Amino acid sequence: DAAGDVSNNDASNQVSDNQQSDWQPPFVVAEGDDNDDDDDDDSSVSSSEDIEPDSATKAQSSTGFENVDLESNYLEIIERGGLPCTLPDEILRKCFAFLPIDDHANLALVSPHWSKFTRCEELYKSLCQRIYLNQSKRKVLHVHKFGNSYRRMLELRPRIRVGGGLYVLQYKEVKKIQRDMWTDIPVGAVLESIYYRYLYFFEDGRVMYALTHAHPMEMIPRFHNMILRGYGSKDKWGVWGKYQIKKDIVRVWATQQWHDVCFQMRVLPSNKVLNYDNGDRGVCTSMQLDKHMSSASGNFEEDNRYDLVTYEVPPHLYFRFLRDRRL
């Protein structure tokens, strides 16, 4: 019996040893399976490397960052006039709003796209609002009087040209020479007096005015400096004022050192009325002077009988628009 118990104990010990040798703790890899796991890891890494380019392209496509092929779009860009001409119409409209109104005719020559854009009805509407609402001090444009076309309104309705030049009136007068003991003018000479009046208009109702003997080549740089210095800047001859237009009648008020002056002019739609051709293209490039008044108090009402002075205006006096890119 004792021997049987010993044999049974030995058998049980062998079984327990075999069970311990076969048992492995959890999450521990056996030594014989290391190579297989390494192969699986390598395969997983290689597969992940193969997948990464596809995922990167998907990420780029999902975010919208795609490479722009300039060569394929080169011809299209050239047809539109270059990269600046490919801007959206909303941005172009905001950029063009800073330019003088008369420059829109030159913009139409840049590219076919700009030519079409500068002739759209929406742009004509914005130009009419810039011109007529500021010059006439009104709040509404009656476009129905022009067949509901803003382009026709811009072509037919009288307006003042602003920017790109100024209006000049040249007056000549031959004076009689008084002969006395102090006269040193030779016999046969002609005494001629020449002076100029200048008007430069802004879109917001301001105007610069000058009365001087200086030639336009001398006066234009002076006006240019006044524009750079801003409203209220002083010059030897130039002063600031305001203006207003109603239909084709323009009234200008300006303040000089000794008195205030007021002019009333009529806008001429075309130079054909004057029966001359000065090579100037466009409309509303001439104004006829109808009235000239002055007042020390600045009161130009008809009931002012104290200091209102009305001057006689010679016939056929015209302000003509002189173009200059410095203004």
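Tabulated results
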{"read-out": "Test for Asn278: is it open to solvent by less than 40 Å² (accessible area, probe 1.4 Å), at pLDDT below 90 and in contact with a strand residue (DSSP E or B) (Cβ under 9 Å, 6 or more places away or on another chain)", "value": "no"}
{"read-out": "Cβ-Cβ under 8 Å pairs, at least 6 apart or on other chains, region 82-108 side farther than 23 Å from Phe202 by Cα, far side of a type outside the set (A, V, I, L, M) and surrounded by 14 or more Cβ atoms within 10 Å (Cβ to Cβ)", "value": "Gly82/Ser111; Cys85/Ser111; Cys85/His113; Cys85/Trp114; Thr86/Arg80; Asp89/Phe117; Ala108/Trp114; Ala108/Thr118"}
{"read-out": "Filtered residues of region 209-235 (kept if at pLDDT below 90, closer than 25 Å to Met265 by Cα and loosely packed, with under 11 Cβ neighbours inside 10 Å)", "value": "Gly232"}
{"read-out": "Some residue of region 100-110 being of a type in the set (A, V, I, L, M), open to solvent by 70 Å² or more (accessible area, probe 1.4 Å) and farther than 30 Å from Arg251 by Cβ", "value": "yes"}
{"read-out": "From the options Ser115, Ser136, residue that is modelled with pLDDT under 85 and under 17 Å from the mean Cα position of the chain (by Cα)", "value": "Ser115"}
{"read-out": "Residues within region 254-275 that are hydrophobic (A, V, I, L, M, F, W, C), at pLDDT 90 or above and either open to solvent by 50 Å² or more (accessible area, probe 1.4 Å) or over 13 Å from Arg320 (Cβ atoms) (or both), tallied", "value": "4"}
{"read-out": "Matching option when the condition is surrounded by 12 or more Cβ atoms within 10 Å (Cβ to Cβ) and at positive phi, among Gly163, Gly147", "value": "Gly163"}
{"read-out": "Residue within region 242-253 that is surrounded by 13 or more Cβ atoms within 10 Å (Cβ to Cβ), at pLDDT below 85, within 33 Å of the chain's Cα centre (by Cα) and within 17 Å of Leu169 (Cα to Cα) present", "value": "no"}
{"read-out": "Candidate set from region 287-327 (those that are open to solvent by less than 30 Å² (accessible area, probe 1.4 Å) and of a type in the set (S, T, N, Q)); member that is modelled with the lowest pLDDT", "value": "Asn304"}
{"read-out": "Region 183-208: number of residues that are closer than 30 Å to Lys139 by Cα and either out of contact with any Ser or Thr (no Cβ under 9 Å at 6 or more places or on another chain) or surrounded by fewer than 10 Cβ atoms within 10 Å (Cβ to Cβ) (or both)", "value": "10"}
{"read-out": "Count of region 111-143 residues which are in contact with a helix residue (DSSP H, G or I) (Cβ under 9 Å, 6 or more places away or on another chain) and either open to solvent by less than 60 Å² (accessible area, probe 1.4 Å) or closer than 13 Å to Ile160 by Cα (or both)", "value": "17"}
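The values are calculated or read from the model by the stated rules, or taken from the named source; none is laboratory data. Worth saying up front: this structure is predicted, and the values here are computed from it rather than measured. So basically every Cβ, Gly included, is an ideal-geometry build from the backbone, and we count neighbours across all protein chains shown. Protein only, heavy atoms only, side chains kept; ligands, DNA and RNA dropped before computing areas. Shrake-Rupley method; radii C 1.70, N 1.55, O 1.52, S 1.80 Å.
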